[in-house]
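Written below as C-alpha coordinates is the structure these notes are about.
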Amino acid sequence: MKFIADGMLGKLTRWLRMLGYDVKYSNNLDDAQLIMIAKKERRILLTRDLELYQQAIAKGINAFYLEGKTEAENLASLAQRFKIKLNIEMATSRCPKCNTRVKQVAKERVSDKVEESTFSYYNEFWECPKCEQVYWQGAHWARIQKTLEKAKENLEKIQKEK
Ligand SMILES: [Zn+2]
(Lines give C-alpha, C1' and ligand atoms only; values in the text may rest on other atoms or scores of the structure.)
Protein backbone atom coordinates (compact mmCIF):
# COMPACT_ATOMS: atom_id res chain seq x y z
CA MET A 1 0.00 0.00 0.00
CA LYS A 2 1.61 3.21 -1.22
CA PHE A 3 0.30 6.74 -1.07
CA ILE A 4 0.71 10.08 -2.76
CA ALA A 5 -0.33 13.15 -0.79
CA ASP A 6 -1.37 16.56 -2.05
CA GLY A 7 0.59 19.72 -1.12
CA MET A 8 -1.61 20.46 1.90
CA LEU A 9 -0.75 17.21 3.62
CA GLY A 10 2.91 17.68 4.48
CA LYS A 11 2.38 16.99 8.16
CA LEU A 12 0.29 13.88 7.59
CA THR A 13 2.93 12.68 5.11
CA ARG A 14 5.57 12.79 7.83
CA TRP A 15 3.34 10.82 10.19
CA LEU A 16 2.63 8.13 7.62
CA ARG A 17 6.31 7.78 6.78
CA MET A 18 7.18 7.39 10.47
CA LEU A 19 4.54 4.66 10.64
CA GLY A 20 6.36 2.91 7.80
CA TYR A 21 4.24 3.83 4.78
CA ASP A 22 5.65 4.85 1.43
CA VAL A 23 4.27 8.34 0.72
CA LYS A 24 5.25 10.44 -2.24
CA TYR A 25 4.93 14.14 -1.53
CA SER A 26 5.91 17.38 -3.16
CA ASN A 27 4.20 20.70 -2.79
CA ASN A 28 4.77 21.65 -6.39
CA LEU A 29 2.79 18.93 -8.14
CA ASP A 30 -0.43 20.11 -9.76
CA ASP A 31 -3.69 18.13 -9.75
CA ALA A 32 -3.07 16.53 -13.13
CA GLN A 33 0.40 15.38 -12.06
CA LEU A 34 -0.90 13.98 -8.77
CA ILE A 35 -3.52 11.95 -10.62
CA MET A 36 -1.01 10.78 -13.23
CA ILE A 37 1.50 9.59 -10.63
CA ALA A 38 -1.22 7.90 -8.55
CA LYS A 39 -2.32 5.99 -11.62
CA LYS A 40 1.14 5.11 -12.91
CA GLU A 41 2.59 4.05 -9.57
CA ARG A 42 -0.65 2.60 -8.18
CA ARG A 43 -0.60 4.95 -5.24
CA ILE A 44 -3.63 5.90 -3.18
CA LEU A 45 -4.20 9.63 -3.57
CA LEU A 46 -4.70 11.44 -0.27
CA THR A 47 -6.19 14.90 -0.53
CA ARG A 48 -7.88 17.69 1.38
CA ASP A 49 -9.28 19.05 -1.86
CA LEU A 50 -12.79 17.79 -2.57
CA GLU A 51 -12.63 18.81 -6.21
CA LEU A 52 -9.39 16.89 -6.77
CA TYR A 53 -10.85 13.90 -4.93
CA GLN A 54 -13.91 13.85 -7.19
CA GLN A 55 -11.75 14.23 -10.30
CA ALA A 56 -9.58 11.32 -9.22
CA ILE A 57 -12.54 9.05 -8.42
CA ALA A 58 -14.08 9.85 -11.80
CA LYS A 59 -10.84 8.66 -13.42
CA GLY A 60 -10.89 5.41 -11.48
CA ILE A 61 -8.07 6.37 -9.11
CA ASN A 62 -8.10 5.05 -5.57
CA ALA A 63 -8.40 8.28 -3.60
CA PHE A 64 -9.27 9.31 -0.10
CA TYR A 65 -10.61 12.66 1.06
CA LEU A 66 -9.28 13.83 4.41
CA GLU A 67 -11.31 16.27 6.44
CA GLY A 68 -9.91 15.82 9.94
CA LYS A 69 -9.10 18.89 12.01
CA THR A 70 -6.13 17.22 13.68
CA GLU A 71 -3.48 14.71 12.67
CA ALA A 72 -5.01 12.26 15.16
CA GLU A 73 -8.38 12.51 13.38
CA ASN A 74 -6.82 12.06 9.96
CA LEU A 75 -4.76 9.07 11.09
CA ALA A 76 -7.88 7.52 12.62
CA SER A 77 -9.86 7.87 9.40
CA LEU A 78 -6.97 6.30 7.46
CA ALA A 79 -6.85 3.44 9.94
CA GLN A 80 -10.59 2.96 9.51
CA ARG A 81 -10.43 3.02 5.71
CA PHE A 82 -7.11 1.30 4.96
CA LYS A 83 -6.36 -0.48 8.22
CA ILE A 84 -3.07 1.36 8.61
CA LYS A 85 -1.34 0.54 11.86
CA LEU A 86 -1.05 3.22 14.50
CA ASN A 87 2.20 2.07 16.08
CA ILE A 88 5.69 3.11 15.10
CA GLU A 89 8.10 0.23 14.67
CA MET A 90 11.54 1.60 14.01
CA ALA A 91 12.49 -1.49 11.98
CA THR A 92 10.04 -0.44 9.26
CA SER A 93 9.94 3.30 9.86
CA ARG A 94 10.73 5.71 7.04
CA CYS A 95 12.51 9.03 7.15
CA PRO A 96 9.78 11.71 7.53
CA LYS A 97 11.86 14.06 5.39
CA CYS A 98 12.62 11.90 2.38
CA ASN A 99 10.63 8.63 2.58
CA THR A 100 13.68 6.32 2.79
CA ARG A 101 13.73 3.43 5.30
CA VAL A 102 15.82 4.43 8.32
CA LYS A 103 18.51 2.10 9.62
CA GLN A 104 19.61 1.56 13.19
CA VAL A 105 23.23 2.63 13.57
CA ALA A 106 25.91 2.09 16.16
CA LYS A 107 25.98 4.84 18.75
CA GLU A 108 29.58 5.79 17.97
CA ARG A 109 28.58 6.58 14.42
CA VAL A 110 26.47 9.56 15.45
CA SER A 111 28.86 11.02 18.04
CA ASP A 112 29.62 14.05 15.91
CA LYS A 113 26.09 14.39 14.54
CA VAL A 114 24.05 14.93 17.71
CA GLU A 115 24.46 17.15 20.74
CA GLU A 116 26.62 15.88 23.55
CA SER A 117 23.71 15.66 26.01
CA THR A 118 21.65 13.62 23.53
CA PHE A 119 24.60 11.36 22.90
CA SER A 120 25.17 10.67 26.56
CA TYR A 121 21.47 10.22 27.39
CA TYR A 122 20.31 7.91 24.58
CA ASN A 123 21.69 4.62 23.34
CA GLU A 124 19.64 3.82 20.28
CA PHE A 125 19.97 5.85 17.11
CA TRP A 126 18.68 5.53 13.58
CA GLU A 127 19.93 7.21 10.46
CA CYS A 128 18.46 7.87 7.05
CA PRO A 129 20.84 6.36 4.47
CA LYS A 130 19.77 8.99 1.94
CA CYS A 131 19.60 12.36 3.70
CA GLU A 132 21.69 11.30 6.73
CA GLN A 133 19.21 12.70 9.23
CA VAL A 134 19.71 11.06 12.64
CA TYR A 135 16.73 9.98 14.79
CA TRP A 136 16.35 8.91 18.40
CA GLN A 137 13.42 8.46 20.74
CA GLY A 138 14.00 11.68 22.63
CA ALA A 139 11.78 14.03 24.60
CA HIS A 140 9.55 14.50 21.54
CA TRP A 141 8.77 10.77 21.57
CA ALA A 142 6.20 11.17 24.36
CA ARG A 143 4.31 13.70 22.21
CA ILE A 144 4.38 11.35 19.25
CA GLN A 145 2.98 8.51 21.36
CA LYS A 146 0.29 10.81 22.72
CA THR A 147 -0.93 11.72 19.24
CA LEU A 148 -1.02 8.03 18.28
CA GLU A 149 -3.01 7.20 21.43
CA LYS A 150 -5.43 9.97 20.52
CA ALA A 151 -5.71 8.55 16.99
CA LYS A 152 -6.57 5.13 18.45
CA GLU A 153 -9.26 6.71 20.63
CA ASN A 154 -10.69 8.49 17.58
CA LEU A 155 -10.68 5.22 15.66
CA GLU A 156 -12.64 3.48 18.43
CA LYS A 157 -15.15 6.32 18.34
CA ILE A 158 -15.59 6.03 14.55
CA GLN A 159 -16.05 2.28 14.83
CA LYS A 160 -18.68 2.64 17.55
CA GLU A 161 -20.64 5.10 15.42
CA LYS A 162 -20.81 2.64 12.53
ZN1 LIG B 1 15.95 10.97 4.80
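Each pair of Cα atoms in the range 39-162 enters the Kirkwood radius, and Stokes-Einstein at 10 °C and 1.306 mPa s then converts it into a translational diffusion coefficient of 93 µm²/s. Rolling a 1.4 angstrom probe over the range 37-148 with all protein chains present gives an accessible area of which 47% lies on carbon and sulfur atoms.
Taking Cβ atoms as reference points and 15 Å as the exclusive limit, the residues near Lys146 contribute a net charge of -1, counting Lys and Arg as +1 and Asp and Glu as -1.
Mind giving me the FRET efficiency for Glu116 and Leu50? R0 is 41 Å, r the Cβ-Cβ distance, nearest 0.05 is fine. According to the calculation, E is roughly 0.25.
Proximity of backbone amide H atoms, modeled 1.01 Å from N, is registered between Lys24 and Phe3, Ile4, Ala5 at under 5 Å, excluding neighbours fewer than 5 places apart on the same chain. In a fully extended conformation the segment linking Lys39 and Val134 would gain 30.9 nm over its present Cα-Cα distance, using 0.36 nm per residue.
Between Phe82 and Lys103, the simple label model (points 7 Å from Cα in the Cβ direction) yields a spacing of 2.7 nm. Stretching the chain fully between Glu161 and Glu149 yields a gain of 2.4 nm (0.36 nm per residue, less the alpha carbon separation). Axis of helix 71-82 versus longest Cα principal axis of the chain: the two differ by about 60°, to the nearest ten degrees. Per residue, the chain exposes 60 Å² of solvent-accessible protein surface, assessed with a 1.4 angstrom probe and all protein chains in place.
Among 100-109, 38-47, sorting by the average number of other beta carbon atoms lying within 10 angstrom of each residue, highest first, gives 38-47, 100-109. Of all beta bridges that DSSP places with both ends in the chain, some 40 percent have antiparallel geometry.
The values are calculated or read from the model by the stated rules, or taken from the named source; none is laboratory data. Treat the numbers as computed from the prediction; the structure is a model and nothing was measured. Here the Cβ is made from the backbone with ideal geometry for all residues, glycine too, and neighbour counts use every protein chain on show. Protein only, heavy atoms only, side chains kept; ligands, DNA and RNA dropped before computing areas. Shrake-Rupley method; radii C 1.70, N 1.55, O 1.52, S 1.80 Å.
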